[in-house]
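Here is the structure we will look at, set down as structure tokens.
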Amino acid sequence: MGGMNGGGGTLRFLGFGGNTQEAQERIFDAWAEEEDVEIEGDSAGGTVEMISQIQQNTGEYDIVALNDTGMAQGQDEGVLEPIDLDEVPNYTDNIRDDAQELDFLLDDGETIGLIRENGATGYAYNTELVDEELTSWEEIKDPQYEGQVALLDRAVDRFSNCAAAIDVDINEAAEDEDLFEEVIEEAEEQNENAFSYWSDGDTSIQYLRQENAHICEAWGGRVIALQEDGHEHIEYVLPEEGTMAWTDTLSIVQETENRDLIHDLLNFTYERDNILQMSDDMNYTVQVEDPPEEMTELPDYAPIDELSFNDWSRILPVQDEWSERFQEVQQS
């Protein structure tokens with residue numbers, strides 16, 4: 001894999017699976033047909049698995065979709081290559097300037113990730129099994145929901161939402177022990193009703209579809225896809241206290257032999273019509289200039305300047321410690 005074949009070449013893409021990967025691959029396939037290039041898709045269940053797959057298969061992947069956690073880890077592990085923005089003019093022309101500032105940078109200022117879509121991690125609940133309207137993090141701690149709640153099995157994400165629930169800046173908590181202990185206390189309280197933690201979006205939707213969970217921390221796009229599949233009684237909530245904001249990005253994998261092809265593919269992806277179509281298919285926001293009404297009506301839509309993102313320069317150094325504390329929370 002990775003070298004030229006009889007056509008225009010072959011690229012191998014690693015993504016998250018589910019509707020986001022399907023939406024991305026529809027765009028990729030349209031480009032591949034025009035350029036006589038073959039694209040092979042592969043998926044992984046989560047960030048750790050994705051980074052591990054790249055490391056264990058050196059040179060086998062060309063382009064990867066990573067969330068902001070994965071970007072920080074990928075940067076730290078050195079598995080990503082710089083992107084030449086001069087070769088991706090559609091990105092700089094069509095993506096909002098303030099969103100472009102979220103690009104992950106190397107020490108010399110080179111970009112290693114292009115923002116693809118973003119959202120906020122709230123929760124969903126089954127309106128047929130929960131007899132009240134839910135609007136906050138506080139409500140999911142009600143003792144009546146003991147054993148009915150499923151939460152996200154990622155330390156940073158979970159603590160970020162707990163910080164939002166108690167009006168604490170998670171980035172400040174990374175450097176303030178007293179603030180962090182307040183976050184831990186909230187995480188322990190939310191844990192009391194949890195019967196399980198999920199690590200990939202498919203599992204969260206399975207919990208909701210099969211009624212294992214009455215309430216489940218979830219991503220808006222996954223919930224919309226579930227509703228479109230006939231489960232209109234599943235309602236998505238952006239808690240009134242706020243939530244963690246997240247981004248997914250596209251990046252070039254270290255040691256690819258196909259940099260020119262990838263830049264061409266990225267430029268095609270960020271054509272306005274393509275990113276609008278991808279947003280519609282994914283049910284997530286793409287931070288395009290002048291977003292259409294159907295995008296602004298998404299349940300977790302917000303302009304980038306209204307969202308709070310993790311500062312990985314502050315969080316990455318304490319991530320291992322947080323993972324240990326998170327295991328303690330789950331066992332409490």
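The values are calculated or read from the model by the stated rules, or taken from the named source; none is laboratory data. Quick caveat: nothing in here was measured; it's all calculated off a predicted structure. Here the Cβ is made from the backbone with ideal geometry for all residues, glycine too, and neighbour counts use every protein chain on show.
Give me the residue from the range 288-304 that is part of a helix (DSSP H, G or I) and surrounded by 13 or more Cβ atoms within 10 Å (Cβ to Cβ) and, out of that set, modelled with the highest pLDDT. Explain how you work it out, then say what you get.
Filtering the range 288-304 for residues part of a helix (DSSP H, G or I) gives 293-296, 304.
So of that shortlist, the ones also surrounded by 13 or more Cβ atoms within 10 Å (Cβ to Cβ) come out as 295, 304.
Working: MET295: 92, ILE304: 75.
The qualifying residue modelled with the highest pLDDT is MET295.
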Which condition breaks for GLN21 when tested against (1) modelled with pLDDT of 85 or more; (2) not in a helix (DSSP H, G or I)?
(2)
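Which residues, taken from the range 305-320, are among the hydrophobic types (A, V, I, L, M, F, W, C) and at pLDDT below 90? Walk me through how you get there before you give the answer.
The initial filter retains those residues of the range 305-320 that are among the hydrophobic types (A, V, I, L, M, F, W, C), namely 307, 309, 312, 315-316, 318.
The answer is LEU307, PHE309, TRP312, LEU316.
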Taking helices (runs of 4 or more DSSP H) that do not extend beyond the range 83-199, which have at least 1 residues that are closer than 26 Å to THR47 by Cα and in the same structural domain as ILE252 (by TED's automatic domain parsing)?
89-94, 97-100
Can you find, within the range 85-110, the residue that is surrounded by the fewest Cβ atoms within 10 Å (Cβ to Cβ) among those that are of a type outside the set (D, E, K, R) and at pLDDT 90 or above?
PRO89
Return the pairs, sorted by first residue and then second, in which the second residue is of a type in the set (Val, Ile, Thr) and assigned to a strand (DSSP E or B), the first residue lies in the range 8-31 and is without any contact (Cβ under 8 Å) to a residue 12 or more places away in the chain, the beta carbons are less than 7 Å apart, and the residues are 6+ apart or on different chains.
ASP29/ILE39
